[in-house]
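For reference, the structure discussed in these notes is given below.
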Amino acid sequence: MNKKLEDFLKTGRISQDDYAFWRSRLEDVSFAVCDSILELFDLLPDKIGWLRIMQERKEAALASKNNEAWEKIVEEEASQFQALSLSV
Amino acid sequence: MSESLRSNQGQESVESKPISEINEFVSNEITPERVGAAINEMKETHESILSNEQSEMIVGETKATQGALEKFQGKTKRVITLGLVGLSLLAASPKWSEGAEKKLSPAEIEIIEKSFRAGKHYNIQEKKLSPELEQVGEAFRKGQWKDENLKSREELLLKIQEHQRDIDAHRRAIEELMKQLKGGK
């Protein structure tokens with residue numbers, strides 16, 4: 001894992017469960033991917049727990065190629081960002 | 001609303017940016033078309049990294065979120081889009097997508113291999129096992145491990161090794177793809 005991302009996750013701003021989840025998902029990910037995810041986490045630190053739930057659902061939907069489940073995930077993502085954009 | 005997002009938005013008034021920077025934002029925008037083209041290109045060199053359905057799902061996500069991100073300005077929109085693409089590509093890794101041995105880390109796989117070679121049962125605590133791996137474990141537990149199991153043991157080891165190779169290939173491919181999306185115009 002990119003050290004900057006590891007340091008960010010260690011800051012204690014996220015729950016132990018979220019830390020363990022992201023640690024397992026990002027431990028062997030290379031630089032460009034880590035860097036993009038760090039920027040996203042840094043931008044939306046309050047959403048790291050929500051992103052974790054979405055990530056678990058994405059893994060399941062992509063594994064089973066379940067389009068219906070995927071579309072629900074994407075709809076929820078779009079609504080979440082829509083709400084964020086309105087609060088800016 | 002996070003302070004981080006607030007502060008980023010605050011720094012990004014398009015009016016205050018020189019034309020060259022605005023153009024850079026436009027040319028660096030992560031559009032669904034760019035994501036689709038990058039995935040297709042990756043699939044040419046790294047065959048079977050993503051299935052067609054998975055590629056369409058990820059491009060579809062970028063399309064669907066573009067509208068919701070319209071109100072965000074250049075850099076913020078780019079960070080969110082790239083982050084989401086990165087997370088979805090990561091979620092498509094065979095590490096999380098195939099079989100029950102998906103939860104095993106390389107270190108655990110090494111322990112299993114050594115245990116199998118030594119003819120010992122490795123107790124993979126709290127791991128959800130594939131029926132195949134359960135069967136091998138059960139044979140160990142019951143002391144039913146015999147030479148006739150050797151074939152399935154070797155097949156299992158090959159399967160685990162192949163699985164690890166797929167994970168490594170996926171990791172390399174998404175790294176290239178993200179570099180291309182981040183750096184390309």
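The values are calculated or read from the model by the stated rules, or taken from the named source; none is laboratory data. Worth saying up front: this structure is predicted, and the values here are computed from it rather than measured. Cβ atoms come from the backbone with ideal geometry, glycine included; neighbour counts cover every protein chain shown.
Filter region B:37-51 for residues that are free of Cβ contacts under 8 Å to residues at least 40 places away in the same chain and of a type in the set (Gly, Ala, Ser); which is surrounded by the fewest Cβ atoms within 10 Å (Cβ to Cβ)?
Among residues in region B:37-51 that are free of Cβ contacts under 8 Å to residues at least 40 places away in the same chain and of a type in the set (Gly, Ala, Ser), the one surrounded by the fewest Cβ atoms within 10 Å (Cβ to Cβ) is B:Ser48.
For A:Trp50, all conditions in the list (1) at pLDDT 95 or above; (2) under 17 Å from B:Thr76 (Cβ atoms) hold save one; what is the number of the exception?
(2)
Restricting to region B:53-106, and then to whatever is more than 15 Å from the chain's Cα centre (by Cα) and of a type in the set (S, T, N, Q), can you tell me which residue is modelled with the lowest pLDDT?
So the residue we want is B:Gln73.
Would you say A:Ile73 is of a type outside the set (Ser, Thr, Tyr), surrounded by 18 or more Cβ atoms within 10 Å (Cβ to Cβ) and under 23 Å from B:Glu176 (Cβ atoms)?
When the stated conditions are applied, A:Ile73 does not pass them.
Does A:Arg25 satisfy being among the charged types (D, E, K, R) and surrounded by 14 or more Cβ atoms within 10 Å (Cβ to Cβ)?
Yes: the conditions hold for A:Arg25.
Find all pairs meeting these conditions: Cβ atoms under 8 angstrom apart; at least six residues apart or on different chains; first residue within region B:73-86 and facing chain A (nearest Cβ under 8 Å) and under 21 Å from B:Met57 (Cβ atoms); second residue among the polar types (S, T, N, Q) and in a helix (DSSP H, G or I).
B:Ile80/B:Thr65; B:Leu82/A:Ser36; B:Gly83/A:Ser36; B:Leu84/B:Thr62; B:Leu84/B:Thr65; B:Val85/A:Ser36; B:Val85/B:Thr62; B:Gly86/A:Ser36
Let's see how each residue does on (1) within 26 Å of B:Lys75 (Cα to Cα); (2) without any contact (Cβ under 8 Å) to a residue 40 or more places away in the chain; (3) within 9 Å of another protein chain (Cβ to nearest Cβ):
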residue: A:Ile14; (1), (2), (3): yes, yes, no
residue: A:Glu39; (1), (2), (3): yes, yes, yes
residue: A:Asp46; (1), (2), (3): yes, yes, yes
residue: A:Glu68; (1), (2), (3): no, yes, no
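From the list A:Asp7, A:Asp17, A:Asp35, which one is closer than 19 Å to B:Ile174 by Cα and of a type in the set (D, E, K, R)?
Being closer than 19 Å to B:Ile174 by Cα and of a type in the set (D, E, K, R) holds for just one of A:Asp7, A:Asp17, A:Asp35, which is A:Asp35.
What's the number of the condition A:Phe31 fails, among (1) closer than 22 Å to B:Leu177 by Cα; (2) in contact with a Ser or Thr (Cβ under 6 Å, 6 or more places away or on another chain); (3) surrounded by fewer than 16 Cβ atoms within 10 Å (Cβ to Cβ)?
(2)
Failed condition for B:Glu53, given (1) more than 9 Å from chain A (Cβ to nearest Cβ); (2) assigned to a helix (DSSP H, G or I); (3) in contact with a Lys or Arg (Cβ under 7 Å, 6 or more places away or on another chain), with all others met?
Of the numbered conditions (1) more than 9 Å from chain A (Cβ to nearest Cβ); (2) assigned to a helix (DSSP H, G or I); (3) in contact with a Lys or Arg (Cβ under 7 Å, 6 or more places away or on another chain), the odd one out for B:Glu53 is (1).
From the list A:Ser24, A:Ser79, which residue is small (Gly, Ala, Ser) and closer than 15 Å to B:Trp96 by Cβ?
Answer to the selection: A:Ser24.
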